[in-house]
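Please treat every number below as a calculation from the coordinates, not as lab data. Small disclaimer: the values here were computed from a predicted structure and weren't measured. Here the Cβ is made from the backbone with ideal geometry for all residues, glycine too, and neighbour counts use every protein chain on show.
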Amino acid sequence: MESKSSGRRKFLKNSAALIGAAAAGIRPANGRAPDTDMGNNMDMPDLEALIAYGQRSPFVKSKRISVMERMSPDEFGMTFHVLSPIQDSVGMITPSSLHYISTHRGSYVPNIDPQEHRLLIHGMVDRPLIFSVDEIKRFPFVTRPHFLECLGNRAKASHKTAQETHGLTSCSEWTGVPLSLLLKEAGVQSGAAFIVAEGAESVKGATSIPIGKAMDDCLVAYGQNGEALRPQQGFPIRLLVPGFEGMHNVKYLRRIKVVEKDYMTYNDYGHIVPDARVAALTRIIGPKSVITYPSGEQKLSGPGYYEITGLAWSGSGAIRSVEITTDGGQTWKPAELRTPSYPMAHTRFAFPWTWDGKECVIMSRCTDELGTRQPTRAESAKFFNKPDDKDFRAPGADNTVFPWRIAADGSVHNGMA
Amino acid sequence: MAWHKFFVLVAVLSLAQLAKAQSPKYGVGRTPTAEEVRALDISIGPDGKELPPGHGTAAEGVKVFREKECVVCHGGTGSGGPAPTLIKSDGKKKSVYPCLNPCVDDANVMALHAQYATTMWDYINRAMPLNKQGTLKPDEVYSLVAFLLFKNGIIAEDQVMDAQTLPKVKMPNRDHVAPAPEWKHAEPRLAGYP
């Protein structure tokens, strides 16, 4: 029986040999490929750090990218809009590390000490209150999945991948305190019509939210996917306004002022429009869906069995059903929902399919629990009495049906192009 | 009289009930000091009631625009820099980066697009200049707003902006904005769409 130390020496010797072989690009004498255990890898990361906090396999490369229009970080070092790689997604939860990022205007991600952070509730309340993060955590909490989506999540003909067409949405399991509970603790006065929510980042991003929504299902969240919020998602606390477009979900929440009217902050003003119908479509998201597989720049290896899969969500409730077409919209068939369907959360759908190897156009469309169905671009254009041509821009938060074209060689392309 | 005492009792009980309904349930958190609220409350609503004392004119604003290096990001003429266009330029110069959709094009210059001048005061005060937020004095903010309103043809060059005059400025886009409909639980975002 070997002693521990000789076993360890042998291990180190073998590892060194394998590392040498790998570096020289040759196989060991026994003909087997070098072990791919982390311990034998040239790129061996800090094992203590990995044991303390895990990482994904180095073979998994899925990553976020900046929106085309502006790089993050920009020349000032600020983060603007960053797309989530939804074409690689499985299930309904976005890993926190891959959650899309949007900031007010473009701003720095602040490094906030939770011990120093406070939330102030004031304005039209009987008792202004100030809370530490620890105090917020003493209130009864809830845990719920919710999607977030940026108003800028709009597919263009120039986009190649699902990340580019639909990557400004993500879904996390959030844990936090109902905002209504904190507002009741402060005592909202009659005549209050809006809240102004404000963040602690450098630009102090703020937005106005109707008091009815604030008292309904908003959360002051401190947890994301089983751990603390990530700084890019608002550490130490953020507001969640389920179903409202991303801008309302204020990160680094430091202040809530209860007021008598829409306060028209910079962010509010940024979204004002002359048409009340467009205003309504701007504030609330979806119903919307996108096929994530097969999607742009992926490739089917040949005719045969595949599962078409993707995500569906609505700002007005849970997803009730999803339909798929594989013939460019002539016939629609029901997809299966493969995750529970939660209100204002991504829902994963799938559709078993045998591809015959011919060029085709695939699309998904969803219906939410209010019975509202995702419109096609043609339906949106007709509603607004505009021609359905390539210049048509669906007003408000674009939730129109999106096509992928599968070529005979199995390559997948943007069907708008 | 017995019935009189009864009414007193009812009144006392009702008051107690009322107090209970309005009292905090958990008692977590504390009352902020007036100073704490004052330091944090930078919201300026359309009525301008939170505007601080101070004043400024376009002539003072152009100096501030140079001294505070606004020109570095917004361009010497208030357009054509990496940051949003602030002064209309007959469509010749666009900002390099998009931020929110409206701020890139001439038609969407803040002074022309915002419904209220208070939005400009609030934003400049809270978010400018880059990396030096919160350093502008109220007089400087009033001056910058006056400068931008003047350069976009909304007020006269000598018009003084202060807590009284600024909220009264009739912005060009004031009457061309539709509010979103009242929000109600479990209602479609727009009935009949598509």
Would you pull out the residues with amide H under 5 Å of A:A335's amide H, same chain only if 5 or more places away, H placed 1.01 Å from N?
A:V322, A:E323, A:I324
Return the tail of the calculated pair distribution for the range A:191-297, meaning the percent of Cα-Cα pairs more than 23 Å apart.
35 percent
Of the range A:391-417, those with amide N under 14 Å from the point 7 Å along the Cα→Cβ vector of A:K156 are A:391-394, A:417
Subtracting the Cα-Cα distance from 0.36 nm times the residue separation, let me have the gained length for A:E75 to A:D113 in nm, one decimal.
11.1 nm
Could you list A:M344, A:M247 so that the one with the fewest beta carbons within 10 Å of its beta carbon is first and the one with the most is last?
A:M247, A:M344
Using label points projected 7 Å from each Cα along Cα→Cβ, tell me how many nm separate A:S66 and A:D126, to one decimal.
5.2 nm
Treat each spin label as a single point 7 Å out from the Cα along the C-beta direction, and report the B:E36 to A:C360 distance in nm.
6.3 nm
For the protein assembly as shown, what is the Kirkwood hydrodynamic radius in Å, using each pair of distinct C-alpha atoms?
27.0 Å
Between A:S301 and B:E182, what FRET efficiency follows from the Cβ-Cβ distance if R0 is 60 Å, with the result rounded to 0.05?
0.70
Express the relative contact order of chain A as a whole percentage, based on alpha carbon pairs under 8 Å and six or more residues apart in sequence.
14 percent
Using a Förster distance of 41 Å, the FRET efficiency for A:V142-B:T135 (Cβ separation, nearest 0.05)
0.55
Rounded to two decimals, what ratio of Rg to Rh does the range A:310-398 give with C-alpha atoms and a Kirkwood Rh?
1.00
Which parts of the range A:196-215 would a label at A:S190 reach, counting a residue when its backbone N lies under 11 Å from a point 7 Å out along Cα-to-Cβ?
none
Give, rounded to the nearest 20 debye, the magnitude of the charge dipole that chain A has about its Cα centre when Lys and Arg contribute +1 at Cβ and Asp and Glu contribute -1 at Cβ.
480 debye
Among B:M120, B:P138, B:M161, pick out the residue whose Cα is farthest towards the positive end of the charge dipole of the range B:54-167, where Lys and Arg carry +1 and Asp and Glu carry -1 on C-beta, about the Cα centre.
B:M120
Using a simple spin-label model with points 7 Å from Cα along the Cα→Cβ vector, what separation in nm is obtained for A:D275 and A:S411?
3.7 nm
Considering the dipole of the range A:118-272 built from charges on the beta carbon (Lys and Arg +1, Asp and Glu -1) around the Cα centre, which of A:L179, A:N267, A:V125 is farthest to its positive end?
A:N267
Would you look at the GNM of chain A, springs on alpha carbons closer than 10 Å, and say which of A:A350, A:A378, A:A162 moves the most?
A:A378
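For each of A:K156, A:K204, B:K168, count neighbouring Cβ atoms within 10 Å of the residue's Cβ, then give the residues from fewest to most.
B:K168, A:K156, A:K204
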Per-residue Cβ neighbour rank within 10 angstrom, fewest leading, A:R277, B:R66, A:R338:
B:R66, A:R338, A:R277
Comparing A:L50, A:L183, A:L151 in a Gaussian network model of chain A (Cα, 10 Å), the one with the largest mean-square fluctuation is A:L50
